[in-house]
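Chemist: Here it is, the structure, as structure tokens.
The values are calculated or read from the model by the stated rules, or taken from the named source; none is laboratory data. Treat the numbers as computed from the prediction; the structure is a model and nothing was measured. Ideal geometry is used to build each Cβ from the backbone, glycine not excepted, and the neighbour counts take in all protein chains shown. In case anyone asks, the SASA skips ligands and DNA or RNA and just uses the protein heavy atoms, side chains included. Shrake-Rupley method; radii C 1.70, N 1.55, O 1.52, S 1.80 Å.
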Amino acid sequence: MIWNSSIECMDRGQLREIQSRRLAKMAEYVYHNTPFYRKKFQEIGLEPGDIQSIDDISKLPFTDKLDLRDNYPFGLAAVPMSQIVRIHASSGTTGKPVVVLYTRKDLAMWAEAISRAFTAYGAGKEDIFQVAYGYGLFTGGLGAHDGATNIGASVIPMSSGNTQKQITLMHDFGASVLCCTPSYAMFLSEAMRESPWPREDFKLRVGVFGAEPWTEKMRVKLEETMGIKAYDIYGLSEIAGPGVGYECECQNGTHLNEDYFYPEIVNPQTGEPLPEGTFGELVFTHLTKEGMPLLRYRTHDLTALHYEKCECGRTLVRMDKILGRCDDMLIIRGVNVFPSQIEDVILRQKEFEPHFLLVVDRVNNTDTSELRVEVKEEYFVDEMAQMVALQKKLEAELRSVIGIGFKVRLVEPKGIERSSGKAKRVIDNRKI
């Protein structure tokens, strides 16, 4: 099924005309409404009128996460805060979150984008969605909720966690579509098997999984254990959360909603645009956003784009599965985690040396994270109660700053291996 065939199946020549008009309008908009971009334009001698078509996009300056951090919280707003109706945020490279702002029009655009995804998965107004992404500052919960509401479906706003209740209501309410991270879906599949009800008593038929990387092997396992068709959904908070891209029934790449979010692939080192089909860094430019539009935002995701028409009939560009990132970000239980964040928290505590090792694994289909931290000699004592208190203190601080729990293991002085080169901070043992 197709939600908006006039856009999703549009002739690419017509689509480029729309993109060209919108980009020219956006260049004028940010120049006059966002001081940050006006300064960027002036620094490189660029006038808004220099942007006449989508082919001129390479003239525009890049934006990266550091720019969002430096303009925390509302420095990139393009409208007065009286017009902002939603504020979301995600983890940044420090304790400060990366903030994103939405007007009413922005929320309607986002709901339209997710509606295209849900319809591609075969969902409609007869379905009951169980949204088990986290609600709150994370974009997953409310984004999926608004998209499901927009297609006329019923929504169970479960949020994440409380697994036994998830299973009970999934059964009792007859949920047919599940939205959550793939790792949590694996946990739910086990809980379903251990529940009082046989699998055939559940009405679940579609899984919408995103917010963390997962493989085809995991897709097959989810489909077999839950009796569903599993689909990937792509998004990032800075651009729009889930719904930036989606799979169709062919599952031959991720269609990107390029009438709203224009994608490019650039060389991660030089920033130069790369030819179609070449792997490189994914970059997005907002074409319609009002509240906080971004130009050429560098995602650090590594992928390739393909423009030939899909067998499903859609002409929207298809993105290959993300191969990795050109920075050191980890995704643990759907949350972006940077080693620099952890280091920042540790360095605030007088009891610890700046030496640590994060070991990430997957146990019973759930991400685990053990943080081994070296204690300064004067604070490393034999008194168990003191060491437990120190451990709990650091665990609480990490959860407060980063947003997820870490199991802290305190290590004796010089217990973390030293390196004459780049220190190894992370061991990721996950095999999805």
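Chemist: Based on the mean of other Cβ atoms within 10 Å per residue, sort peptides 330-336, 411-417 so the most packed one is first. Walk me through the numbers before you get to the answer.
Modeler: Working: 330-336: 19.7, 411-417: 14.0.
Output ranking for 330-336, 411-417: 330-336, 411-417.
Chemist: Roughly what % of DSSP beta bridges within the chain run antiparallel, to the nearest 5?
Modeler: Details: 40 of 63 bridges.
Restricted to the chain, the bridges split so that about 65 percent are antiparallel.
Chemist: Here's another thing I want to ask about it. Just to confirm, what accessible area per residue do you get for the chain at 1.4 Å probe, in whole Å²?
Modeler: On the way: 18660 Å² over 432 residues.
With all protein chains present, the chain gives 43 Å² per residue.
Chemist: Let me ask something additional. How large is ³J(HN,Hα) for each residue in the stretch 175-182, as worked out from phi by the Karplus curve 6.51 cos²θ - 1.76 cosθ + 1.60 (θ = phi - 60°), to whole Hz, x for Gly and Pro?
Modeler: 3J(HN,Hα) across the stretch 175-182, in whole Hz: 4, 10, 10, 10, 10, 6, 6, x.
Chemist: If you take the charge dipole of the stretch 272-398 about its Cα centre, with +1 on Lys and Arg Cβ and -1 on Asp and Glu Cβ, which of His306, Val283, Pro339 is farthest toward its positive end?
Modeler: It is His306, whose Cα lies furthest towards the positive end.
Chemist: Let me ask something additional. Taking the Cα centre of the stretch 73-156 as origin, work out the dipole magnitude from +1 charges on Lys and Arg Cβ and -1 charges on Asp and Glu Cβ, in debye rounded to 20.
Modeler: Value, rounded to 20: 240 debye.
Chemist: Please report the antiparallel percentage of the DSSP beta bridges confined to the stretch 140-295, to the nearest 5.
Modeler: Working: 13 of 21 bridges.
Percentage antiparallel, nearest 5: 60.
Chemist: Quick check: Cα centre of the stretch 1-79 to Cα centre of the stretch 204-276, how many Å?
Modeler: 23
Chemist: I would also like to ask the following. Which listed residue (Gly75, Tyr234, Leu60) has the Cα farthest towards the positive end of the charge dipole for the chain, taking +1 on Lys and Arg C-beta and -1 on Asp and Glu C-beta about the Cα centre?
Modeler: The listed residue farthest towards the positive side: Gly75.
Chemist: Can you give the charge dipole size of the stretch 166-216 about its Cα centre, rounded to the nearest 20 debye, using +1 on the beta carbon of Lys and Arg and -1 on the beta carbon of Asp and Glu?
Modeler: With only Lys, Arg, Asp and Glu charged at Cβ, the dipole is about 120 debye.
Chemist: Long-range amide H contacts for Ile332: which residues qualify at under 5 Å (H placed 1.01 Å from N, peptide plane, sequence gap of 5 or more or a different chain)?
Modeler: Sorted by chain and number, the residues that satisfy this are Val337.
Chemist: What translational diffusion coefficient, in µm²/s and rounded to a whole number, does the Stokes-Einstein relation yield for the stretch 205-340 at 4 °C and a viscosity of 1.567 mPa s, taking the hydrodynamic radius as the Kirkwood radius over Cα pairs? Walk me through the intermediate numbers first.
Modeler: Working: Rh = 15.8 Å.
Estimated diffusion coefficient is 82 µm²/s.
Chemist: In the stretch 282-432, how many lysine pairs have Cα atoms under 18 Å apart, counting only pairs 8 or more places apart or on different chains?
Modeler: For the stretch 282-432, the number of qualifying lysine pairs is 13.
Chemist: Would you mind counting up the charge near Ala211? Only other residues with Cβ under 11 Å from its Cβ, with Lys and Arg at +1 and Asp and Glu at -1.
Modeler: Net local charge, Ala211 excluded: -1.
Chemist: Give me the compactness ratio for the stretch 349-432, meaning the Cα radius of gyration over 2.2 N^0.38 Å.
Modeler: 1.15
Chemist: Further question on the same structure: Taking the highest mean first, how do the peptides 29-41, 128-140 order by number of other beta carbon atoms within 10 angstrom per residue?
Modeler: Averaged packing, sorted descending, gives the order 128-140, 29-41.
Chemist: Next question, about the same structure. Looking at Gln19, Gly122, Ile156, which one has the Cα that reaches farthest to the positive end of the dipole of the chain (charges on Cβ: Lys, Arg +1; Asp, Glu -1)?
Modeler: Most positive-ward Cα: Ile156.
Chemist: Additional query: Which of the lysines could be linked to Lys59 by a straight reach, that is with a Cα gap under 18 Å, when you skip same-chain ones fewer than 8 residues away?
Modeler: Within the straight-line cut-off, Lys59 pairs with Lys25, Lys39, Lys40.
Chemist: Place a +1 charge on the Cβ of each Lys and Arg in the stretch 143-274 and a -1 charge on the Cβ of each Asp and Glu, then give the dipole magnitude about the Cα centre in debye, rounded to the nearest 20.
Modeler: 560
Chemist: At 1.4 Å probe size, with the rest of the protein present, what percent of the exposed accessible area of the chain is carbon and sulfur atoms?
Modeler: 50
Chemist: As a test, work out the antiparallel percent of DSSP beta bridges whose residues both lie in the stretch 319-431, rounded to the nearest 5.
Modeler: 60
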